[in-house]
Amino acid sequence: MKSSKNQIETKILKSSLGEIFFAEDFYAYGSPGNIRLTLFRLVNEGILERLAQGIYLKPKRDPLLGTLYPTTEEIAKQIAQRDKARIAPTGVFALYLLGLTTQVPLKAVYLSDGSQREIKIGNRTIQFKKTVPKSFAIKDELLHLIVQAFKEVGQNNVTEDFIEKIKPSIVQLNSQVVQKQVKYAPVWIQKHINNLYTQR
């Protein structure tokens, strides 16, 4: 019978470069203490990199750039998948994902129907804010980002410049999405989206 170290190593070696692992992925192979120790050794050997407590990366390395790290969004989606939670970007991070700001936010904030928590990964932070189920009434990812961008800017601060910048995203929306899901946004945002969508 293979030792827990061998089983963990085998699983990691068979995986793709750039794959993210959680300590819980190995719970079938031994006690939490043994697993932690094995992962600690694998980090020291350079087989894994520790991103945060209980989160590890099988590093993919570039000769010039060094380790290619997953994006904040990729890590957040993996955490949500593990926790069987729904998440949705909000705040400045939504503006960034839409290309409305070029500054990469060091804190990515997500609405979540899972547990509330904050995870530090290097100089970045992922924050999951507990929210009510109706926050996920908008299923379309692009529409959700647009609504969150408007909320971040605020009803009284929507400028012509902002409208011009967000219009290309709005005109990309599927007509079925506009018909069926825009109604879940605040009324003032509905008006902006519908106005800009009809101007296509």
- request: Any chance you could count how many residues in the range 107-126 are under 13 Å from the mean Cα position of the chain (by Cα) and part of a loop (DSSP other than H, G, I, E, B)?
  value: 0
Residues that are farther than 28 Å from LYS167 by Cβ and in a helix (DSSP H, G or I), drawn from the range 127-146: PRO133
task: Scan the range 41-50 and give yes if some residue there is assigned to a loop (DSSP other than H, G, I, E, B), in contact (Cβ under 8 Å) with a residue 24 or more places away in the chain and on the phi > 0 side of the Ramachandran plot, otherwise no.
output: no
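Residues are listed down the side, and each one gets a yes or a no for (1) assigned by TED's automatic domain parsing to the domain that holds ALA76; (2) touching a residue at least 12 places away in the same chain (Cβ under 8 Å); (3) in contact with a helix residue (DSSP H, G or I) (Cβ under 8 Å, 6 or more places away or on another chain):
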{"site": "ALA88", "(1), (2), (3)": "yes, yes, yes"}
{"site": "LYS107", "(1), (2), (3)": "yes, yes, yes"}
{"site": "ILE126", "(1), (2), (3)": "yes, yes, yes"}
{"site": "ILE166", "(1), (2), (3)": "no, yes, yes"}
{"site": "LYS180", "(1), (2), (3)": "no, no, no"}
statement: Within the range 80-93, restricting to residues that are closer than 13 Å to PHE128 by Cβ and hydrophobic (A, V, I, L, M, F, W, C), the one that is surrounded by the fewest Cβ atoms within 10 Å (Cβ to Cβ) is ALA85
message: I'd like the full set of residues that are exposed (fewer than 10 other Cβ atoms within 10 Å of the Cβ) and in a helix (DSSP H, G or I), limited to the range 154-178.
response: ASN156, ASN157, GLU160, ASP161, SER175, GLN176
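Assess whether TYR96 counts as being in a strand (DSSP E or B) and surrounded by 19 or more Cβ atoms within 10 Å (Cβ to Cβ).
no
The values are calculated or read from the model by the stated rules, or taken from the named source; none is laboratory data. Computed from a predicted model, the values in this text were never measured in an experiment. We place every Cβ from the backbone using ideal geometry, glycine too, and count neighbours over all the protein chains shown.
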